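The next block holds one structure in the form of structure tokens; read it before the comments.
The values are calculated or read from the model by the stated rules, or taken from the named source; none is laboratory data. Predicted model only: the values in this text are computed from it and were never measured. Because the Cβ atoms are built from the backbone with ideal geometry, glycine has one as well, and the counts that use them run over all protein chains shown.
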Amino acid sequence: MRRRIYISETEKSPDKTDFEICFDTGLDPRSFARTKMSQSLIEPGFFVSSDGTRKEWKASGVIETDGCSRNGSSMKAYGTISSYGKRLDIILDDCDSTASETSPQEARQTALQAVTSWARAKLLLGETKSALNPGASFILEDGVFFSPEHLANRCLITEDSKPDQYNCPDLPGINAAAFCAGVMLYKIFTGSLPYQSGELYQDMREGIFLPIRLAVPEMEQNLSELIQSALFLPVEKNTANKTGAEILAQMLEILSAAKTEAVSASSLFTELSEEEKALIEKERKSYSFKQTSVTTAKRFVTRNKSVLLGTGLGFIFFLIILISIIQSIAQRPTTEGLTSYGVIIAYYEAFSELNHVFMQACVQGADKNDINAAASYYAVTKARQAYENTTSSLLVPAKEWLERGGELPAKNVFGVTDLTLEYLSGGEDDGAITYRANYLLWAPQEQSVNRTDTLILRRDRRNNWRIIDIQRIERY
């Protein structure tokens, strides 16, 4: 990978060498002008020396180089620095690189020293805005250099399109520095970055990572808790109750053996018994499984909340309809408790009263012409009542008309009169029974009809009598 922020040597004289820090923007002259990158040349960087003094740094100028962009040239800013150094991100990468020239122990110690120096310099700068990305910081022989932030970020984006895994965009100032220190220490001691999924910033905001006490249970407890507190700074429900400045200061108390030296990395670990290791391993597996399950479910809901909301509302609507149907069925009239004889009487009375709902309860499989007629008259009556704005009945029940004297013509009369029943066959204990019914049917604008119905009744699965067949003869 081509590094676009680097230190080069320039010969000032045969016996003296100067050092330049270069920022290759990857922009051709036209793009450099269009994006107003020249304004970043006045942005300061900072140098914090080993003795704690600080001073601003600014680029000396900008030159055009060959072969570094698509158009064949690239604009590069540069400026002198006091001594040679190494980029902090490269030092961190050396911890888990097989290509490193040093042993893993030496690489880890070098990285620990670099992060300790970086954290001390950040604490001295305080809330002064300075670059956070380790790729924009150099550990020099005599201090720490922080590149101008905007200029460095432009170069790092060109250099590598991966998101910055060491910084959370939600954190300002010293809190951001403490978080970055926590991520770097996590990488040094565990060998990997805390956030492993493709949803980096969401993981940071939700605190989705393996706690360092489970990743490295042998680590000194106070340092482990401080790293955990640093990584929880972007989390909304942060229970650590420590500021970034407090976390950095307490980290330095543990990591600093002398004013500028870091403690031995091996001194930060204690040996665990086999039983303790087994318990930690069991807890680690359980934690990873639960976190993965909960996070997957939570993010699935978040991504699909519109669909789930629509589905949920649809299900609720369906449930309401279903409950309404069940309640309606439960509230429907039945022939429970009626004898076969009583069912027939109730059927014809309901017919006279246009009670088509109860007529339906009396019938199972029989012809429904009577029910349809009652329902039609009921609908017409209700429509006329609404139209004429009245609550009085527009049809006179035949039984009531007959009790008043039965005067003819009976143009608004409807219902059954002169009903007689005759038992034909079967019995209450046989499960089926047959009757003959004779009656007069009165209907509006019509003459009365003399009907003879042969009705067969059978018990249904609830043991209630129902009319299963009606055979009719009409005489006018």
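Applying a threshold of 6 Å to beta carbon distances and a minimum spacing of six or more residues, or different chains, the list of pairs starting in the stretch 396-424 at a residue that is under 14 Å from residue 447 (Cβ atoms) and ending at one that is exposed (fewer than 12 other Cβ atoms within 10 Å of the Cβ) reads 411/445. Determine, yes or no, whether residue 461 is out of contact with any strand residue (DSSP E or B) (no Cβ under 6 Å at 6 or more places or on another chain), without any contact (Cβ under 8 Å) to a residue 60 or more places away in the chain and of a type in the set (D, E, K, R). Yes, satisfied.
A quick yes/no check of all residues on (1) of a type in the set (Lys, Arg); (2) without any contact (Cβ under 8 Å) to a residue 24 or more places away in the chain; (3) within 25 Å of residue 219 (Cα to Cα):
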| residue | (1), (2), (3) |
| --- | --- |
| 107 | no, yes, yes |
| 113 | no, no, yes |
| 117 | no, no, yes |
| 124 | no, no, no |
| 129 | yes, no, no |
| 135 | no, no, no |
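Condition check: surrounded by fewer than 17 Cβ atoms within 10 Å (Cβ to Cβ), part of a strand (DSSP E or B) and of a type outside the set (Gly, Ala, Ser). Does residue 390 satisfy that? So that I can check it myself, show each step before the final result.
Details: surrounded by fewer than 17 Cβ atoms within 10 Å (Cβ to Cβ): yes; part of a strand (DSSP E or B): no; of a type outside the set (Gly, Ala, Ser): yes.
No: the conditions fail for residue 390.
Does any residue of the stretch 289-304 turn out to be more than 39 Å from the chain's Cα centre (by Cα) and aliphatic (A, V, I, L, M)? Looking through the stretch 289-304, none of the residues is more than 39 Å from the chain's Cα centre (by Cα) and aliphatic (A, V, I, L, M).
The numbered conditions (1) surrounded by fewer than 18 Cβ atoms within 10 Å (Cβ to Cβ); (2) assigned to a loop (DSSP other than H, G, I, E, B) are all true for residue 202 except (2). Is there a residue in the stretch 328-342 that is over 30 Å from residue 376 (Cα atoms) and aromatic (Phe, Trp, Tyr)? So far as the stretch 328-342 goes, no, none of its residues is over 30 Å from residue 376 (Cα atoms) and aromatic (Phe, Trp, Tyr).
Filtering 227, 212, 188, 208 for residues that are in contact with a Gly (Cβ under 6 Å, 6 or more places away or on another chain) and of a type in the set (A, V, I, L, M, F, W, C) leaves a single hit, 227. Of all residues in the stretch 331-387, those being out of contact with any helix residue (DSSP H, G or I) (no Cβ under 9 Å at 6 or more places or on another chain) and aliphatic (A, V, I, L, M) number 6.
Test of understanding: among 127, 106, which residue is out of contact with any strand residue (DSSP E or B) (no Cβ under 9 Å at 6 or more places or on another chain), among the acidic types (Asp, Glu) and in a loop (DSSP other than H, G, I, E, B)? It would help to see each step written out before you state the result.
Working: 106 fails: in a loop (DSSP other than H, G, I, E, B).
Exactly one of 127, 106 is out of contact with any strand residue (DSSP E or B) (no Cβ under 9 Å at 6 or more places or on another chain), among the acidic types (Asp, Glu) and in a loop (DSSP other than H, G, I, E, B), namely 127.
Among the residues of the stretch 246-266, which ones are part of a helix (DSSP H, G or I), in contact (Cβ under 8 Å) with a residue 40 or more places away in the chain and either more than 14 Å from residue 224 (Cα to Cα) or small (Gly, Ala, Ser) (or both)?
Within the stretch 246-266, 249, 265, 266 qualify.
Being farther than 30 Å from residue 211 by Cα, surrounded by fewer than 13 Cβ atoms within 10 Å (Cβ to Cβ) and at pLDDT 80 or above is the requirement here; does residue 325 meet it? Judged against the criteria, residue 325 is not a match. Among the residues of the stretch 341-395, which ones are over 19 Å from residue 440 (Cα atoms) and among the hydroxyl-bearing types (Ser, Thr, Tyr)? Within the stretch 341-395, 376, 378, 381, 387, 390, 391, 392, 393 meet the criteria.
State whether the residues of the stretch 368-384 include one that is in a loop (DSSP other than H, G, I, E, B) and buried (at least 16 other Cβ atoms within 10 Å of the Cβ).
From the stretch 368-384, those in a loop (DSSP other than H, G, I, E, B) are 368; that's our starting set.
Applying the additional criterion that residues be buried (at least 16 other Cβ atoms within 10 Å of the Cβ) yields none.
No, every residue in the stretch 368-384 fails to be in a loop (DSSP other than H, G, I, E, B) and buried (at least 16 other Cβ atoms within 10 Å of the Cβ).
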